[in-house]
């Protein structure tokens, strides 16, 4: 049995357009910016199957209110549907994960795995009165409407939703009361043998207590004063006694203690930190599930000493952990993932984890992620992460590893796709100098602008995350210049973003001519047309060569260049900078060519990161801004305009 799909309509931040969330067989990771609907998904399942009856109750704020709503409707309503697949039913109708009652409520749809569909609907009148119903969807009526059957309480309890919210205190789960996991196990234990021994021990203990002079005097005094005040025949004798005079009373005080402790032999769970309490609750949930499994599988000759009817374990469990990074150190997150993976390896448990911790996402395959985003109308949409097909192994691996290495992408307001390490070091400085700090504005830089960039574009478009791409023009290098323009054109064409007119526009061979040549007046040359068109599509170039060369030209003093000593490079320098199979060097003005030797020294022989770090350590932000190369100023202005349209 597995939770397959959840559908939400008009529930909290989910609007009138039904959103469908699919779940993985083991652990599903739900991510997204703050306020994007992650908690709403967990609370929807909580309203259906939470082990705490209070959290099942529908609340006024569960009903969606449209952002543009001017007048309150006469009645509000929401619908939550959950589909559970029963793949084991095809081979074993007596499987432990399929209660007999579920077998009668299957929803049979042709060509699909057998499933159970639960539906929770609720309505609220203008005075705030709420009515809800929880039903099976078992088919279609003759009039085409869904055929519904009410879900009895016992059936509902076969599925358990264990919710560990972001703000948590597990005291209620640990204390021995009706809802306590530990209490359920304790009350289900067969105590017959232990009860007799305990009563004998308590009897001896009572005798020892009563003969103590201080206790004896206290007891006699209480009895005398009680008799003075109370004259009835019932309850006429009072005495001091040991409180837990039966095993039943003793087990009510079961708790969890930890040893060793710094100040005593043991400490109570209430003294743990918030993070440790989170780990304790998760441990209790997993232990309860394991005990339930073993009790259902126990054989007559291997009695565990548990009354199965009293334990009444669920046949299917969902563990929901909300933003564990709020109270736990990063190294604990890996342990949680591992523990959940082990627990969810069976057919009777699934886990849902919400997070915006990059450290956690680096451990999770992108395919397991569900991405939530709040639109301009303040309704949530949910997307899966679509990777390139596996038959295109290079692209699949590139995008997959790129997402694992750059999980911050998911939480960006806009993504800048660059090509190398230099961009990582320099672009934050350039953006800050122009008054647009990356971190403060949710701008994420990722070194994924090279091969297979069309897959990144397609993925970001699907997730509705704006993006801009910065490539090197590589003028005169092999396949540079026009070759780089052709590359961007081809990538846009692959995602259907190349206009019909530009599909027919001329693209020269990489070594035919200089695409940076400018026409006179309004007469744009082909290279100009393409570069301006690509800018409108969010593709910018570091020109004429690459980012390193552009910065060297803009800030020569910071790179310790003595301009008076510059001279024309020789052929060996051309080969070093442009490669052996380079095009014409005449496409560069003489003043730019004179920097080739310094480029070779700094970025070919030396370390690019070290050169940039040292150079920018000498520059103040005003100095950076005053000499900011044109292409980066245009890039930053483009990003700033995009950010104005991004809903936060």
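The values are calculated or read from the model by the stated rules, or taken from the named source; none is laboratory data. Computed from a predicted model, the values in this text were never measured in an experiment. Quick reminder, even Gly has a Cβ in these numbers, built from the backbone with ideal geometry, and neighbours come from all protein chains shown.
Within 20 Å of residue 166 (Cβ to Cβ), without any contact (Cβ under 8 Å) to a residue 60 or more places away in the chain and more than 14 Å from the chain's Cα centre (by Cα): which single residue out of 339, 359, 405 fits that description?
The unique qualifying residue is 339.
Among the candidates 430, 404, which residue alone is assigned by TED's automatic domain parsing to the domain that holds residue 456, assigned to a helix (DSSP H, G or I), crowded, with 19+ Cβ neighbours inside 10 Å and out of contact with any strand residue (DSSP E or B) (no Cβ under 6 Å at 6 or more places or on another chain)?
Details: 404 fails: crowded, with 19+ Cβ neighbours inside 10 Å.
Unique residue meeting the criteria: 430.
Residues checked against (1) modelled with pLDDT under 90; (2) over 30 Å from residue 461 (Cα atoms); (3) out of contact with any helix residue (DSSP H, G or I) (no Cβ under 6 Å at 6 or more places or on another chain):
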site: 523; (1), (2), (3): yes, yes, yes
site: 541; (1), (2), (3): no, no, yes
site: 557; (1), (2), (3): no, yes, yes
site: 560; (1), (2), (3): no, yes, yes
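Consider residue 196 against the criteria (1) surrounded by 15 or more Cβ atoms within 10 Å (Cβ to Cβ); (2) modelled with pLDDT under 75; (3) outside any loop (DSSP other than H, G, I, E, B): it satisfies all of them except one. Which criterion is unmet?
(1)
In segment 252-284, which residue that is in contact with a strand residue (DSSP E or B) (Cβ under 8 Å, 6 or more places away or on another chain) and part of a helix (DSSP H, G or I) is modelled with the lowest pLDDT?
Only one residue fits best here, namely 269.
Just to be sure before I move on: is residue 454 farther than 15 Å from residue 543 by Cβ and under 36 Å from the mean Cα position of the chain (by Cα) in the structure I sent? Show your work before the answer.
On the way: farther than 15 Å from residue 543 by Cβ: yes; under 36 Å from the mean Cα position of the chain (by Cα): yes.
So residue 454 fits the description; yes.
Of all residues in segment 490-519, which are under 34 Å from the mean Cα position of the chain (by Cα) and either surrounded by fewer than 15 Cβ atoms within 10 Å (Cβ to Cβ) or in contact (Cβ under 8 Å) with a residue 12 or more places away in the chain (or both)?
490, 491, 492, 493, 494, 495, 496, 497
Which residue out of 614, 634 is in contact with a helix residue (DSSP H, G or I) (Cβ under 8 Å, 6 or more places away or on another chain), surrounded by fewer than 16 Cβ atoms within 10 Å (Cβ to Cβ), assigned by TED's automatic domain parsing to the domain that holds residue 422 and not in a loop (DSSP other than H, G, I, E, B)?
Step by step, each of 614, 634 is checked, and only 634 is in contact with a helix residue (DSSP H, G or I) (Cβ under 8 Å, 6 or more places away or on another chain), surrounded by fewer than 16 Cβ atoms within 10 Å (Cβ to Cβ), assigned by TED's automatic domain parsing to the domain that holds residue 422 and not in a loop (DSSP other than H, G, I, E, B).
Could you list all residues from segment 558-578 that are assigned to a loop (DSSP other than H, G, I, E, B) and free of Cβ contacts under 8 Å to residues at least 60 places away in the same chain?
Hits for segment 558-578 are 559, 560, 561, 562, 566, 567, 568, 569, 570.
Scan segment 128-150 for residues that are in contact with a helix residue (DSSP H, G or I) (Cβ under 7 Å, 6 or more places away or on another chain) and closer than 20 Å to residue 115 by Cα and jot them down.
134
I'm checking my understanding of the structure. Among residues of segment 353-368 that are in a helix (DSSP H, G or I) and at pLDDT 90 or above, which one is farthest from residue 324 (Cα to Cα)?
This residue is 367.
Can you go through 65, 113 and tell me which one is surrounded by fewer than 20 Cβ atoms within 10 Å (Cβ to Cβ), in the same structural domain as residue 349 (by TED's automatic domain parsing), at pLDDT 85 or above and part of a loop (DSSP other than H, G, I, E, B)?
None of the other options fit; the residue is 65.
Since residue 339 meets every condition but one in (1) in a helix (DSSP H, G or I); (2) modelled with pLDDT of 85 or more; (3) within 23 Å of residue 403 (Cβ to Cβ), which condition does it not meet?
Answer for residue 339: the failing condition is (3).
Looking at segment 433-460 only, could you name the residues that are crowded, with 20+ Cβ neighbours inside 10 Å, touching a residue at least 60 places away in the same chain (Cβ under 8 Å), part of a helix (DSSP H, G or I) and out of contact with any helix residue (DSSP H, G or I) (no Cβ under 6 Å at 6 or more places or on another chain)?
Of everything in segment 433-460, just one residue is crowded, with 20+ Cβ neighbours inside 10 Å, touching a residue at least 60 places away in the same chain (Cβ under 8 Å), part of a helix (DSSP H, G or I) and out of contact with any helix residue (DSSP H, G or I) (no Cβ under 6 Å at 6 or more places or on another chain), namely 459.
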